[in-house]
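To start, the structure itself, in structure tokens.
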Amino acid sequence: MNRKKIIYSILKEIQQGNEPKRDDYGLELEQWGEICELIRDEGLASNVVVQRGGIGNKVVYAWLSKAKITFKGLDFLEENSALAKTYKGLKKIRDWLKL
């Protein structure tokens, strides 16, 4: 799993006003939650919701429905602009992640 590519895609989709979902990426809930937490904790996007609970503090849900990209997130996109040349959007995300 290429986390940098996944984060790039999520931020790009948020920037474009879309709501990326776990199913778009074919990720397990725990993987999705960890990536969403990373985006939130690094300040790349605001309004990212991740809820943990139960034994082992597993991810219960992670939502990006109200997420907004931050200036730091915009910087991330600019710093990784080489990925923009091959990124084709969520419809082709699984093939793009394999590149």
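The values are calculated or read from the model by the stated rules, or taken from the named source; none is laboratory data. From a predicted model like this one, the values you see are computed outputs, not experimental measurements. No Cβ is skipped: glycine too gets one built from the backbone with ideal geometry, and neighbour counts run over all protein chains shown. These area figures cover heavy atoms from the full protein model, side chains too; ligands, DNA and RNA do not enter into them. Shrake-Rupley method; radii C 1.70, N 1.55, O 1.52, S 1.80 Å.
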Seminar exercise, completed: For Lys72, counting only aspartates and glutamates whose alpha-carbon sits under 20 Å away and dropping same-chain residues fewer than eight positions off, the answer is Glu13, Glu19, Glu34, Glu37, Asp41, Glu42
For this session: Any chance you could check the Cα centroid distance between the range 69-89 and the range 1-23 for me, in angstrom?
Result: 10 Å
For this session: Give the carbon-plus-sulfur fraction of the accessible surface of the chain in %, rounded to a whole number; probe 1.4 Å, heavy atoms of protein chains only.
Result: 49 percent
Problem set entry | For the chain, with +1 on Lys and Arg beta carbons and -1 on Asp and Glu, the positive-most of Gly89, Gly17, Leu38 along the dipole | Gly89
Exercise. When the dipole is taken about the Cα centre of the chain, and only Lys, Arg (+1) and Asp, Glu (-1) are charged at their Cβ, what size is it in debye, to the nearest 20?
Worked result: 300 debye
Exercise. In degrees, nearest 10, range 0 to 90: what is the angle between the Cα axis of helix 3-15 and the longest Cα principal axis of the chain?
Worked result: 80 degrees
Problem set entry | Angle between the chain longest axis and helix 29-41 axis [Cα atoms, degrees, rounded to 10] | 70 degrees
For this session: With r as the distance between the Cβ atoms of Arg52 and Leu74 and R0 = 22 Å, compute the FRET efficiency 1/(1 + (r/R0)^6) and round to 0.05.
Result: 0.20
Problem set entry | CD proxy at 222 nm, helix term only [per DSSP H run n ≥ 4: -39500 (n - 2.57); per residue of the chain; nearest 500] | -13000 deg cm²/dmol
Problem set entry | Extension reserve of the Asn18-Asn2 stretch, reckoned as 0.36 nm per residue once the Cα distance is removed | 3.7 nm
